[in-house]
1. Report, to the nearest 10°, how far helix C:60-81 tilts away from the longest principal axis of the Cα atoms in chain C, using its own Cα long axis and a range of 0 to 90°.
2. Let me have the 222 nm mean residue ellipticity of chain C computed from DSSP H runs of 4+ only, each contributing -39500 (n - 2.57), with the sum over all residues rounded to the nearest 500.
3. Relative contact order for chain B: what percent, with Cα pairs under 8 Å and sequence separation of 6 or more?
4. Spin-label point model (7 Å from Cα, Cβ direction): what's the residue B:278 to residue C:140 distance in nm?
5. Between residue A:233 and residue A:168, how high is the FRET efficiency from 1/(1 + (r/R0)^6) when r is the Cβ-Cβ distance and R₀ = 25 Å? Nearest 0.05.
6. So, R0 is 60 Å and r is the distance between the beta-carbons of residue B:156 and residue C:265; what FRET efficiency does that work out to, to 0.05?
7. R0 = 56 Å: FRET efficiency of residue A:150 with residue C:8, Cβ-based, nearest 0.05?
8. Calculate the length of the line joining the C-alpha centroid of the range C:69-87 to that of the range B:59-126, in whole Å.
């Protein structure tokens, strides 16, 4: 196996008495699509937030691209090439779609203490933004204000924003949440395309999508890793079956 | 892009033309009072515009902007009292001291958000007020009379009413042009993005507070300029001029005119100060009407005057 | 020695008064998410009512009691007529609207009582100095303030920590949706809390009245001090407000009393007498700045979850 792009070691984060992340270790290798699944409350979003720096762990370490990023704030991790999409859509609601993406491109194009020139007229930022929008199929909707986009479009825009930061690793927190059947299919098709270009960590409840997309799957229960393997092995894993029994019987059924 | 020909732009255009022509009218009609009144209005419009930069675009509700008016004013007043009458020294000093004060207060206040931010900016401005009242060498409570206006080596005579008015108007238009450039620049987009969704901006790689702070300092500096103008206008600076109600009035002007719109604060300043003038001619107890009026404006006219004009555009 | 004890007591007394004001403010903010600048106006109204009623009845105690009731009623009326429409609005809206109310109250007072201040004379039995420790005398009235304020603080503590209403208030401060879900008459609770806050502000104002002049704007500076206290103590926290209020009262009083002498020992006489007033008025704001650097959430923040 190549050197891991992301290495998490003995990560612990507790809220009050509850350990949301309990001595968690995992690795993501370059080029793979690594899915993280687990029942509700398994600590998936808590993990993602620690990976991106919105939340600091109590102990343990996170290495990204060979560098210890455990104590870095999120804006510095983003500069290193770590991007995330949010579970609950988190966009600049009163900005147009293209402005959302262009700002992401701007964040990775030198500093932004430029006070005079019109940023919306910088051709390379606009071009990068437009390319990212085209990539997710929102080319026609570039000038629409975010609050007027449909839920599915907003999820796609989340992806475009993450892509525009030219990430090495994309952390996607339930990109399919709240999408209808056709929208979900579009998203899966899109992710299939994207995985060729960028390493992806995917947190998702939609098991059909996860098993269709993932190279490897890590299963979390109560903040602990109970299994990490290729999809076929996960499907047959006894402990995983037990953890999902009555909660998400779909693991085997959808295979 | 050409500016759209709509109601709010038309109103702004007419307004600008009227402000430019005002001294002509004043000279023709012999109405000096209106020129004096509008000099004051234009200065406050500049202060309100500076506040609008952080409130409307940056989402930072500063309740302490009167402090910069005072600091800018005291810089001019104290230097004048010490025998340094040149505006080329007085004004840069006013701007620099305002900027430094904004830097310190901003760095402290921006450690918090929301209501805390409002309370803390208010408290620090009040501190500046108390410091001014204890400047016994410079008039303390009673304030400091400026016997000679800033001297610009014959380039412009600030004691000439018309010239001074045009100087103030140039500062206002210059300030608004600067704010317009800033708002549309890379920096401005980041600041507005942070107002809209701070977490998102951090996640795509911006150190939000650094941008907020710089924006806060720019705003304080512009307001310091307004302070230098105001001191020259009244030939006087006093702690009363930086009392916290003055900060409240500036906020009212911004909201009344329309937060986050370029000319909103100008319209707000005109509306507020004209209303104050009108009411105080009508009754000594003008605040009895102004107070409840504010309440009603907040309850029923969100978006301010520019917001109301905007409705005509869509109709 | 005598001076130190006296100033310590002065600081305590001032701190307790500040607490009465800050407690109402932080309760109203905690439970209703409402910033009320006009809280200082209620403080002022408490003082004006007391001066007026004491003059009418000829009795200080009766005047004070009537003033307390009047401020309570005024607070409830204010909430009913104007402020309840502002719940759930932007904090900016609340600030501007209550700023308007301050302007209104100041001019209303000027219209009714005139621009000159009023005096609230103390009855003879409260003006005598009391010997607190051998050789140290302290004004009886200031002792009374300390006693009353401590009793109110204790009462408040019991109400907030031990009663059903108090439980709701605490629940409301940390989780607003929850009280709604409990099926509590939330409007009544809000009105009650607001009335309580108003009465506390009025009490602070009327007790301060005999020490300072009763005048327009008297509530404004002290309101800003109450803000400083809330920032230092942590928003929504009664305990934090109490500790911070005592702290601020002490620092402010002792600073004004002793800082000039201290400075004179370090600096030359002229420099000290210039710097001392500025520095002592800055003292609590510097304190606030330090707290902001060290603990931006305040010393005793109300529990988040």
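1. Tilt relative to chain C: about 40 degrees.
2. When only DSSP H runs of four or more count, the value is -26000 deg cm²/dmol.
3. 32 percent
4. With each label placed 7 Å out from Cα toward Cβ, I get 5.7 nm.
5. 0.40
6. Efficiency at R0 = 60 Å is approximately 0.75.
7. With a Förster radius of 56 Å, E is 0.25.
8. Their Cα centres are 36 Å away from one another.
Bear in mind that the values in this text are calculations on the coordinates, not laboratory data. Not measured: the values here are computed from a predicted model. Neighbour counts run over all protein chains shown; Cβ positions are idealised from the backbone, glycine included.
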